[in-house]
Every structure is written in structure tokens, then in C-alpha cells.
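Everything on this sheet refers to the single structure shown next.
The values are calculated or read from the model by the stated rules, or taken from the named source; none is laboratory data. Since the structure is predicted, the reported quantities are computational estimates derived from the model, not experimental observations. Reconstructed Cβ throughout: ideal geometry from the backbone, glycine too, with neighbour counts over all protein chains shown.
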Amino acid sequence: MPKMTIISPGPLSTIQDAGRFGYMDTGFSPNGAMDLYSMKIANLLVGNAMCDGVIEMTMMGVSVKFDATSTVAITGADMQPELNGEPTKMYAAIEVKAGDVLSLKMAKSGMRSYLAVAGGFDIPLAMGSMSTNLKCALGGFEGRKLKKGDEILLRQSVPKAHVGSRDIKPENNFENTIVVRVVLGPQDDYFTENGINTFLTSEYTVSDKSDRMGVRLDGEQIENKNGVDIISDGIATGAVQIPASGTPIIMMADRQTTGGYAKIATVISADLKNIAQAKPGTKVKFKAVREKEAVSLKKEEDKKLKKLQYELTYSVWKD
């Protein structure tokens, strides 16, 4: 069976897919790729199902050696990929041959990159998902981050001729300041009018204490009415918790399933990718939108991905 061997793993590289669903009631977080949009595009570029497993790399990428011909694609943060020491493209289907080494460096822009391999990884599912749950040592590659010497089996060897000339223009524009749209609630009534105004008008900074569980923000404290403790309830991806410190935490893929701090707002699905790609030091501003707009933007994103899937598939027919 074809495989790829990890030469250098980077600081935090894990196998992720679209996530693990249906188990939050038993305490298992969904996990999955932080930037689902980039993950899906990487898979489309190599002809995989959108939600197939990929390698998610954080801040710095992996170096891997292939033992068979295959086709790969890299999306997300610009980690300056090289094939056998020569620069290679992102957002394109790239053929690799037996003995080839693909290397990624420190992220030049953005925070997380995604490596998809045509045909996908031959990794068993845990609770219906390939995603790595680091806290529970579940899923992915032995339930842990990748390390030197790991051999990841591939389902098949897929030359580029079988995938076609899939190549799109990178659309990521990683800014030093991002505007993140939110829907207020569900516990915005725990905060004063002044507190909500502070939340929506202040500029926050992504902390270096951020991780896959939550993106912590430094900045102005948000004033509450009578404390922020609540009876623990469920936490959605993008929920903005305000703990006792008074500064926001945006809950992400590895979040806990329930929490006892009031949530002032929820980041809309279409903007989660921007938070996932925000490096420490990135400035964040919040903008309130209505639920109807949030749903519309999510539908637009899904429609865009389906259109891309059709266009890339059609390009194979033309080839």
C-alpha cells in the first residue's frame, strides 16, 4: 500500500476532517479542521470528497517523503511549499513521484495550511471521523500530533492524469486587522449596554495563548451586570465567551462541549475561517449582524464550494 513518511512534523500537525458529530451529549467535542473552507478546497483540488481527511499544519508545515506516485494540494496559510527543494504552487493539483520530498516552511501569511492527497488517507474512523482529538488521544494518527518517522498509509496511488489540471487562484488575503461578524447572544442580556458597546467598538488582539480550543483576545474588558457565571450549557463553534477576566474567547474546533460563562455573541460560520487563520498579534473588530444575514452568507459560501466542485470536475472532462 502506498504511503507518505513524515521527515519533519512541524510544531502541531494533525489529521483532521470535517469533524466528529453526534457525540457532544457524551462530552466529545467535534474537533475537525479549524479552517473548514481551506480544507474543503484542498480536497476538491485532488478530487476527494470535500470533507475527507487532510493534514492540518499550524505556524510551520511538515516535510514528507512519498513512496509512490500521487497527487497533492496545499491550501490555507502560505507556508512556501517546495518539492525536492524547488518552489511549488499552492491551490493546485501537484504530482509527486516515489522518492519525492514535499516540504513546507514557516507561515509567511496566515496560521494554518492544509495538505490533501488524492484518494485520501487509509486511517480508521473513530466515532465516524478521522479527526484527531488530542485531549482524548482519539482518532487521526494514533490520537496524537504527527511526529518524525510516522508512516501515513494512502488508500491508493493517484497520478495527476487521473485528477486533471486543477488550479485555482488563491483567494486568501490575510490581513493584520480583520472584521468578524457576529450574531449577538445567547446571553448578551448578562452585559450592560456599555459592555456590548465596548465589545462592538473596541479593537482586540489575538493572544499567543490561543489554540485549537479557543482564540483568546486581549483588549478592553466587557462590563457585565451581575457576573458572568451561568448554568452550564452547550457551546457552539464560534461562541464568544466572556470569562471573569472580561475579555473574549472565541470557542473553536477543540472546545469543551459545555461551559459556565456567558456568551455575548457567536461568530457567523462564514467568518470562522478568518479567525482560524489569525496569527497572534492580529487585530480583531466585531460587527453585529442579524441571523438572517448569517444564514445567507453561509448559503453563499456553500454555493461557491459546490460551483467550484462542478468547475474542477468539468476541467477533468475537458482534459
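State yes or no: is Lys307 of a type outside the set (A, V, I, L, M), at negative phi, part of a helix (DSSP H, G or I) and assigned by TED's automatic domain parsing to the domain that holds Gly234?
no
For segment 156-169, how many residues meet the condition of being crowded, with 17+ Cβ neighbours inside 10 Å, in a loop (DSSP other than H, G, I, E, B) and not hydroxyl-bearing (Ser, Thr, Tyr)?
The total comes to 4.
Identify all residues within segment 271-296 that are of a type in the set (Gly, Ala, Ser) and either within 19 Å of Gly185 (Cβ to Cβ) or not in a loop (DSSP other than H, G, I, E, B) (or both); write none if there are none.
Selection gives Ala276, Ala288, Ala294, Ser296.
Among the residues of segment 204-240, what is the count of those that are more than 23 Å from Leu12 (Cβ to Cβ), surrounded by 16 or more Cβ atoms within 10 Å (Cβ to Cβ) and among the aliphatic types (A, V, I, L, M)?
Residues that pass the stated criteria total 3.
Go through the residues of segment 261-270 one by one and say whether even a single one is more than 30 Å from Lys135 (Cα to Cα) and either modelled with pLDDT under 95 or assigned to a loop (DSSP other than H, G, I, E, B) (or both).
Scanning segment 261-270 turns up no residue that is more than 30 Å from Lys135 (Cα to Cα) and either modelled with pLDDT under 95 or assigned to a loop (DSSP other than H, G, I, E, B) (or both).
Restricting attention to segment 84-122, which residues are without any contact (Cβ under 8 Å) to a residue 60 or more places away in the chain and among the β-branched types (Val, Ile, Thr)?
Within segment 84-122, Thr88, Val96 qualify.
Output the number of residues of segment 56-107 satisfying the condition of being farther than 20 Å from Pro159 by Cβ and β-branched (Val, Ile, Thr).
3
Residue-by-condition table, conditions (1) modelled with pLDDT of 95 or more; (2) farther than 30 Å from Asp100 by Cβ:
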{"site": "Glu142", "(1), (2)": "yes, no"}
{"site": "Lys148", "(1), (2)": "yes, no"}
{"site": "Leu153", "(1), (2)": "yes, no"}
{"site": "Val163", "(1), (2)": "no, no"}
{"site": "Tyr190", "(1), (2)": "yes, yes"}
{"site": "Asn197", "(1), (2)": "yes, yes"}
{"site": "Ser202", "(1), (2)": "yes, yes"}
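Can you tell me which condition Glu56 does not meet? The list is (1) without any contact (Cβ under 8 Å) to a residue 60 or more places away in the chain; (2) within 16 Å of the chain's Cα centre (by Cα); (3) surrounded by fewer than 19 Cβ atoms within 10 Å (Cβ to Cβ), and all the others hold.
(3)
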